[in-house]
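Novice: The structure that follows is given in the form of structure tokens.
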Amino acid sequence: SQQGEEDPQALSIQEGENATMNCSYKTSINNLQWYRQNSGRGLVHLILIRSNEREKHSGRLRVTLDTSKKSSSLLITASRAADTASYFCATDDRTSYDKVIFGPGTSLSVIP
Amino acid sequence: ETGVTQTPRHLVMGMTNKKSLKCEQHLGHNAMYWYKQSAKKPLELMFVYNFKEQTENNSVPSRFSPECPNSSHLFLHLHTLQPEDSALYLCASSQGAGRGFNYGYTFGSGTRLTVV
């Protein structure tokens, strides 16, 4: 079973709008991370939020974490066409050494 | 360039061939990883190396053989692959690994492998 699952699977918005993606996970975690992947390329690390943190900001990105609901959200404000990519959440597993599991991702399209 | 370099970028190989994928990082990271990304499937962790020692083998078939001669280099040796092994193979590195680690991964651009 997957540790992290993003929702929605695909999202299409107009440039300038905000985009929100959600991630749910199953087991206790030490941290949760968000990554971006442009088509056919490697993943780029966006932000890491620790289990004792509730919210974190980086530029136009805002990440929240609710460990009681085992969920996280990634908000991209004032989206740009260059934000078009797939976004993945990744969680470690407190019970498993060295294992970081990625969700299936949300495909975001920002229309100019 | 992210600091993690993967070669080759593209590889087409027959099922009886032997080839190797190479990954190199000069970020001073101690942990390196191989992931497999197939179409419409989540990234699958294959192997983890921490300070050159393999700490995770995620039930990967023996036709995939990793090698980590030092903390900067990681190889994935391939032999007698199947068409379903066609995928994007991603290498990543991080400052550390293990329980409670709080480091993001730096990924390479990947090797697009096609098995014919």
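Residue by residue, here is whether (1) within 10 Å of chain B (Cβ to nearest Cβ); (2) in contact with a Gly (Cβ under 7 Å, 6 or more places away or on another chain); (3) not in a strand (DSSP E or B) holds:
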| position | (1), (2), (3) |
| --- | --- |
| A:ASN22 | no, no, no |
| A:THR27 | no, no, yes |
| A:TYR35 | yes, no, no |
| A:SER39 | no, no, yes |
| A:LEU48 | yes, yes, no |
| A:ASN52 | no, no, yes |
| A:ARG62 | no, no, no |
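Novice: Follow-up. Just to be sure, is B:TYR49 aromatic (Phe, Trp, Tyr), outside any strand (DSSP E or B) and surrounded by 15 or more Cβ atoms within 10 Å (Cβ to Cβ)? Full working, then the answer.
Specialist: Working: aromatic (Phe, Trp, Tyr): yes; outside any strand (DSSP E or B): no; surrounded by 15 or more Cβ atoms within 10 Å (Cβ to Cβ): yes.
No; evaluated as a whole, the condition is false for this residue.
Novice: Just give me the residues in the stretch B:65-109 being more than 17 Å from B:ALA31 (Cα to Cα) and either among the aliphatic types (A, V, I, L, M) or outside any strand (DSSP E or B) (or both), in sequence order.
Specialist: The answer is B:LEU78, B:THR80, B:LEU81, B:GLN82, B:PRO83, B:GLU84, B:ASP85, B:SER86, B:ALA87, B:LEU88, B:SER109.
Novice: Tell me, yes or no, whether the stretch B:79-102 has at least one residue that is in contact with a His (Cβ under 7 Å, 6 or more places away or on another chain), surrounded by 13 or more Cβ atoms within 10 Å (Cβ to Cβ) and farther than 15 Å from A:ILE101 by Cα.
Specialist: Yes; the residues of the stretch B:79-102 include at least one that is in contact with a His (Cβ under 7 Å, 6 or more places away or on another chain), surrounded by 13 or more Cβ atoms within 10 Å (Cβ to Cβ) and farther than 15 Å from A:ILE101 by Cα.
Novice: In the stretch B:10-22, how many are under 12 Å from B:THR114 (Cβ atoms) and assigned to a loop (DSSP other than H, G, I, E, B)? Please lay out each step first, then the result.
Specialist: In the first step, residues of the stretch B:10-22 are kept if they are under 12 Å from B:THR114 (Cβ atoms); the result is B:10-15, B:17, B:19.
Those still in the list that are assigned to a loop (DSSP other than H, G, I, E, B) too: B:14-15, B:17.
Counting residues in the stretch B:10-22 that are under 12 Å from B:THR114 (Cβ atoms) and assigned to a loop (DSSP other than H, G, I, E, B) gives 3.
Novice: Please list, ordered by first then second residue, the pairs with beta carbon atoms under 6 Å, 6 or more apart or interchain, first in the stretch B:16-30 and more than 14 Å from B:THR111 (Cβ to Cβ), second part of a strand (DSSP E or B).
Specialist: Listed pairs, sorted by first residue: B:LYS18/B:HIS79; B:GLN25/B:VAL4; B:GLN25/B:SER93; B:HIS29/B:SER93; B:HIS29/B:SER94.
Novice: Given the criterion buried (at least 17 other Cβ atoms within 10 Å of the Cβ), under 21 Å from A:ARG41 (Cα atoms) and in contact with a strand residue (DSSP E or B) (Cβ under 9 Å, 6 or more places away or on another chain), identify the matching residue among B:LYS36, B:LYS22, B:LYS41.
Specialist: B:LYS36
Novice: Return the pairs, sorted by first residue and then second, in which the second residue is assigned to a loop (DSSP other than H, G, I, E, B) and of a type in the set (Val, Ile, Thr), the first residue lies in the stretch A:24-42 and is more than 19 Å from B:SER94 (Cβ to Cβ), the beta carbons are less than 7 Å apart, and the residues are 6+ apart or on different chains.
Specialist: Short answer, once both residue conditions are applied: A:THR27/A:THR95.
Novice: Identify the single condition in (1) farther than 18 Å from B:LYS41 by Cβ; (2) crowded, with 17+ Cβ neighbours inside 10 Å that A:GLU5 does not satisfy, given that it satisfies every other one.
Specialist: Evaluating A:GLU5 over (1) farther than 18 Å from B:LYS41 by Cβ; (2) crowded, with 17+ Cβ neighbours inside 10 Å leaves (1) as the failure.
Conditions tested, residue by residue: (1) modelled with pLDDT of 95 or more; (2) farther than 22 Å from A:GLY42 by Cβ; (3) of a type in the set (Asp, Glu).
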position	(1), (2), (3)
B:LEU45	no, no, no
B:ASN50	no, no, no
B:GLU53	no, yes, yes
B:SER59	no, yes, no
B:SER65	yes, yes, no
B:SER71	no, no, no
B:LEU76	yes, no, no
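The values are calculated or read from the model by the stated rules, or taken from the named source; none is laboratory data. None of these values were measured; they are calculated from a predicted model. FYI the Cβ positions are ideal-geometry reconstructions off the backbone, even for glycines, and counts take in every protein chain you see.
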